[in-house]
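Data block below; observations after.
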Amino acid sequence: MRWNSNLETGVEKIDIQHKEIIKRINGVLEACTQQRGKEIVGDTLNFLEKYVIEHFKDEEESQIKSGYPKYKEHKILHDNFIQDLKDLRNKFEQDGATLTVVLNMNKVVVRWLARHIMQEDKEFAKYYKSR
Ligand SMILES: [Fe+2]
C-alpha cells in the first residue's frame, strides 16, 4: 500500500497518523514476502490496537468539535473496525501467526483502511476544511 494523493485528506494531523499506520502495515507486507510474517504479526497487532484507537479518538473529537453531521455513522465504522482487530487478535492468540491470520490482517486491515481513508475520512476532511 503506497501513500498517494488519493489518500490525502488535507488535514495535517489526520494525514500524519494515516501515514504512520500505512508505514506499519507495509512493514508487515514486506516481512511476509521475506517469510518473516510470523515474527511481526504480534507486534503490529499491538501497535495497531493502540495507535488506531488513539487515531480514531482524535478524528472523532475533531468531528464532534466541528459538528460533523455524519459523526455517528463514522464512529460506527470505527467501532466495527476495532472489533475486527480484536477478532484478529483473538485468532492470533489462539492459533498463532498462521497463514490465515497473516492473510486476514492484510485483507481486513489494508482494504478497510484504504477504503475508509479515501471515502469517509476524505468526506469529513472536506467538511472540516469548508467550515
Ligand atoms: Fe475515520
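The values are calculated or read from the model by the stated rules, or taken from the named source; none is laboratory data. None of the values given here were measured: they were computed from a predicted structure. Counting neighbours? That spans all protein chains shown, and the Cβs are built from the backbone with ideal geometry, glycine included. With ligands, DNA and RNA removed, areas are computed over all heavy atoms of the protein, side chains included. Shrake-Rupley method; radii C 1.70, N 1.55, O 1.52, S 1.80 Å.
Descriptive notes on the structure:
- Computed from point charges on the beta carbon alone (+1 for Lys and Arg, -1 for Asp and Glu), the dipole magnitude for the chain about its Cα centre is near 280 Debye.
- Distance between modelled label sites at Leu103 and Gln119, nm, 7 Å Cα→Cβ extension: 2.4
- Using a probe radius of 1.4 angstrom, the carbon and sulfur fraction of the accessible surface of region 18-104 is 52%.
- Cα-based shape type of region 1-53, given that a ≥ b ≥ c are square roots of the gyration tensor eigenvalues and the cut on a/c is 1.5: oblate
- Under the shape rule built on the C-alpha gyration tensor, where the axes satisfy a ≥ b ≥ c, the chain is prolate, since a/c reaches at least 1.5 and a/b is greater than b/c.
- Rounded to the nearest 20 debye, dipole of region 31-70 from Cβ charges on Lys, Arg, Asp, Glu: 120
- With contacts taken as Cα pairs under 8 Å and at least 6 residues apart, region 9-130 reaches a relative contact order of 37 percent.
- Qualifying trypsin sites (Lys or Arg not before Pro) for region 18-113 [loop in DSSP, other Cβ within 10 Å: at most 14]: Arg36, Lys70
- Solvent-accessible area per residue for region 80-130 (1.4 angstrom probe, square angstrom): 58
- With the simple spin-label model, which puts each label point 7 Å out from Cα in the Cβ direction, the Lys75 to Glu30 separation comes to 3.7 nm.
- In this structure, Arg2 and Ile53 have a Cβ-Cβ separation that, at R0 = 30 Å, corresponds to a calculated FRET efficiency of about 0.75.
- Along the axis of the charge dipole computed for the chain (Cβ charges of +1 for Lys and Arg, -1 for Asp and Glu, origin at the Cα centre), the listed residues Thr100, Tyr128, Tyr71 are led at the positive end by Tyr128.
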